[in-house]
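Shown next, in structure tokens, is the structure this report addresses.
All of the numbers you see were taken from the coordinates with simple rules; none came from a lab. Just so it is clear, the structure is predicted and the values come from calculations on it, not from any experiment. Quick reminder, even Gly has a Cβ in these numbers, built from the backbone with ideal geometry, and neighbours come from all protein chains shown.
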Amino acid sequence: MKWKPLLRRSLTHSPPLPPSPPSLTKEAASYEKEAVAQEQKIAGMRERGQDVYDIKKQEEVLQESYMMIPDSKARLQAALEDLEAFLVRKGGREGLNSQERCYKSLI
């Protein structure tokens with residue numbers, strides 16, 4: 001019965017899988033939507049004449065969203081390159097299809 005703790009330990013300490021291109025695509029789109037929504041929120045706050053401090057804090061949130069967009073697109077590009085390299089190693093580019101071209105068009 002000594003093998004069970006060893007098996008459990010090896011299963012719980014496996015490295016996490018990298019994010020997939022579809023999840024990274026959704027993440028990039030999410031940051032872009034968040035930035036647009038934040039811009040609209042700030043415009044509404046200015047129209048209503050809300051406190052300058054509150055508007056400044058929302059602008060900081062907007063800047064964080066702007067910073068995350070290129071980061072998420074760079075991670076998507078890296079994931080696509082890794083996927084392409086894997087497919088080439090495993091037998092050529094036959095596995096690359098329209099979905100892969102779609103992901104590349106988002107970058």
Problem - Every pair of residues 6+ apart whose Cβ atoms lie under 8 Å, when the first sits in region 52-69 and is surrounded by 13 or more Cβ atoms within 10 Å (Cβ to Cβ) while the second is assigned to a helix (DSSP H, G or I) and charged (D, E, K, R) - result: Ile55/Arg46; Gln58/Lys41; Leu62/Glu39; Ser65/Glu34; Ile69/Glu32
Problem - Subset of region 27-51 (residues that are acidic (Asp, Glu) and free of Cβ contacts under 8 Å to residues at least 40 places away in the same chain) - result: Glu32, Glu34, Glu39, Glu47, Asp51
